[in-house]
Structure formats: C-alpha cells, structure tokens
1. In nm, to one decimal, how far is the D23 label point from the L391 one, both placed 7 Å along Cα→Cβ?
2. For helix 332-346, report the angle its Cα long axis makes with the longest principal axis of the Cα atoms of the chain; keep it between 0 and 90° and round to the nearest 10°.
3. Going 7 Å from the Cα of K282 in the Cα-to-Cβ direction, what parts of segment 27-70 have a backbone nitrogen less than 20 Å from that spot?
4. Between V111 and A298, what is the spin-label point distance in nm, taking each point 7 Å from the Cα along the Cα→C-beta axis?
5. Based on the Cβ-Cβ distance from E34 to D384, what FRET efficiency comes out when R0 is 22 Å, to the nearest 0.05?
6. Size of segment 210-325 along its principal axes in angstrom, Cα-based, largest extent first?
7. Top mean-square fluctuation among P321, P161, P43, Gaussian network model of the chain, C-alpha springs under 10 Å?
8. Please get the size of the charge dipole for the chain, origin at its Cα centre, with Cβ charges of +1 on Lys and Arg and -1 on Asp and Glu, quoted in debye to the nearest 20.
Amino acid sequence: MTTPAPTALTALTALTALTALTDGLDALLPGLRELYRDLHTHPELSLQETRTAAVAAARLRAQPGWEVTEGVGGTGVVGVLRNGDGPTVLLRADMDGLPVLAATGLPYASVDRAIDRDGNDVPTMHACGHDMHITCLLGVTALLAQHRGAWRGTVLAVFQPAEETAEGARNMLDDGFAERFPKPDICLGQHVGPFPTGVAVTRPGPLMAASDSYRVRLFGRGGHGSSPESTVDPVVMAAAVVLRLQTVVSREVGASQAAVVTVGSIHAGTKENIIPDEAELKLNIRSVDPVVREKVLAAVCRIVQAEAAASGAPKEPEITPLNAFPLTVNTADATATTIDGLRDVLGEHAVLTLPQPINGSEDFGLFGTELGAPSVFWHFGGADPAAFEGLDPEVLATRGIPAKLPMNHSPLYAPLQDPTIELGVRALLGAARAWLADGE
Ligand code: ZN
Ligand code: ZN
C-alpha cells in the first residue's frame, strides 16, 4: 500500500468536508426556488429594499444559530453565525432591483412599479440578478447552520442594499459596521452573469472597473432663436463638449491602457426657436488603473471648463459627482485559495481566469478596503450552456460572451432558475469552505 501524496490527501479531505456541507442541498432547493421566484416577482429600487430585506431577515432567523441585525445602513441585513475558533468569512449578496420593464415573458416576471427618488413612477425588475445572489446566500447560510460539525469559524452574511447606485456598501460601513460585527479575515462575493451555468470567471488583481458619474451644467445666455449673436448658446457649447470629450481616451490614454468616457444623457431647451439658458450632460467614466482614472477625470474637468470659456459662458460650469464605484481588486493570494474552493465544487476546468478586467463596476470592494481584509469577487454563469455550443471556454474568457445573449440590465435578462440556484449555492459554499477551519 502506498501513502497518497500530501496534495491528493488535502484535496480528498477538502472534498469530504465539502460533501458533508452540501448534504441536504437537494431538500433545500424547492424552498430556494420558491424564494427566488418571490424575490424576482417583487423587485425594489435601490434604498427601497424594505420587503426584500424583511424576507431575507426572516429566512435567516428561521435558520438555527444566526444572530440577525436589520436596518444596517438603511435596509441592510447582517447575520452572524459563530461556530468556534477559526477564520471569520464575510459573504455578501446585494439586494436591489432596477427601473426596467421586464420583457422576459417568464411566468414570475415582475409587473411591480415604484416611485423613484426623482418622483417618477417606474417599472421595477431584477434585471441584474441580485435576487439570485440573495437566494444563493440563504442556501449557503442554511447549509452552514445545518452542518456546524463540518466547519469552524465565524460567518458574516451581508445582505446589502443599493449596489446599483454605489451607496449600499458605503451606507452599511458608515453605520458602524466595523464596530458592530466581527472583523472578517476574508470578504467573498459573487455575481450571476450570461456565462454558461456551471462556469465561474475571475482573476487576481483588478477585476472590475472604477466608475465615476457626473452631472455637468453648462450655463449660457438664452434668447430668441433668430438672434444668436445676442446669446451664448449652451446647445452649441454642449455639442462641443461632447465631441471634445471623445479625444480623452483616443488622444490622452495610452493604447495599452483602458478607459471609457460616455455621455449618456444630454438635455437642453424646449422649443426650436428659443435658445435656452443652460444645458445638462450626464457622464460616466470607467477605468481600471488609479493613475489613468485621475488623468481622465482631470481631462474631463479641463475640457468642460475650457469649452465653456471658449463659448464665452457667463458663468463657470457646475460639475457634480453622481456616484463613484471603486475599482474592484481581488487580493492575489486570496484569489488562488478561493479559486481552489470554487474548483472543488464546479470542477477543475469550470473556473476561468480572465485575461483582463471587465468594464462593469461594483461597490463590493469597499468591504475589503474599509475593514482591512483581503477580498475576492467572481462571476458565475446563469445562461443556458446550449447557447455556447462549440465555443471553447478559453475563447469565452478572452473574447467574452456571444452578442445574442441578453446581458445584465437588459429587459430580457434572467438567469435560468435551474441549475443556477444550485450551482450558485455550491460556488459560494465551496469558496467559503476554502477559508473556514475544519470541523471537529
Ligand atoms: Zn447591475
Ligand atoms: Zn449587479
């Protein structure tokens, strides 16, 4: 008889521990499906997640051992499960929906509406899949509570509001998170996306872009459309700003670096023969390197001010920040450990390393940076693998998903309920298990 190599032995121990934890998942699935459909039918806008938070808190309280705190930073919910000596692992799920009219045709699609913070009556939809994140986290918390003999340590389950507006993580942290809850040794988070079910993607280092949004008010002097010489036309000023901003990335950012400058909204005037007093632009800027970010932000401010001056504006433009998402950076060695945990459950070849960061953004990274802990985030698949037939997984990691698949935020976006719930539970549990200590 030969002794197994230490690596094989370690892998076998990890797998046994994991099997002990996932025991009972099948029995949980009907309840998780019912929860998912309920959340999917009743999405709530950022900072309005009262029903969602109450559902999450009630489910968590029903699981033995969880200490549950509601109202953290608004509608945030934090669960703590203390289970002896061992690392403290923070698991985060975001809870907010979007003002999107669902067009999925699913029997459980939302027909709910809400009043947004500008007073508009808008449709609501879980178009980013945050309902899936809540469901998967509650599956993991249930299994951890059921199998306390299979692991040791402390788990923090964080149900975060307002990810879409980059306010939720900040609000929870500003509400005394660090003083009120155990300090995590690792922060873990996952996001569903249009990758094949069973696949997870991530990378060490920068994973998702920083995103900065601004409102720009350009001031002119209005007047009759027939006499532009007696006005300062903010429409022409705005047009010049929009065009000149296109040169920031093409002329000021190096070819090997990445940034995006998008003017997503432009508004001025009411009628064709009135030159208005002002114009408003809304900009979004993405970057994956702090130095590039500073450079791009400075260039945008410089161009807005200079174009206003070039037009003879009677007043300096106003540039107001709307929201700012930090760069999402995966701690390098922590990513390797987490990938091992994901591979234990999803399989050796199901976890892909992205060659470059994605331009989407997240506020998850604030938990790690503010609480002084390493953090790792990954995306997991919720799309029918049939749509990827013949596509090499490596191609998927390098070139991205097929264009025909609806992306998050699309009115058509919805992950497959099955097997996404089960695989999302397994992925988060596998990653958490990689950090927790072994049971007795
Ligand atoms: Zn989103
Ligand atoms: Zn999202």
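Values quoted throughout were computed directly from the atomic coordinates according to the rules given, and no laboratory measurement underlies them. Just so it is clear, the structure is predicted and the values come from calculations on it, not from any experiment. Cβ atoms come from the backbone with ideal geometry, glycine included; neighbour counts cover every protein chain shown.
1. The two pseudo-label positions are separated by 3.9 nm.
2. 60 degrees
3. Counting only backbone N, you get 44-49.
4. 5.5 nm
5. About 0.50, to the nearest 0.05.
6. For segment 210-325, the Cα spread along each principal axis is 48, 24, 21 Å.
7. P321
8. Rounded to the nearest 20 debye, it is 340 debye.
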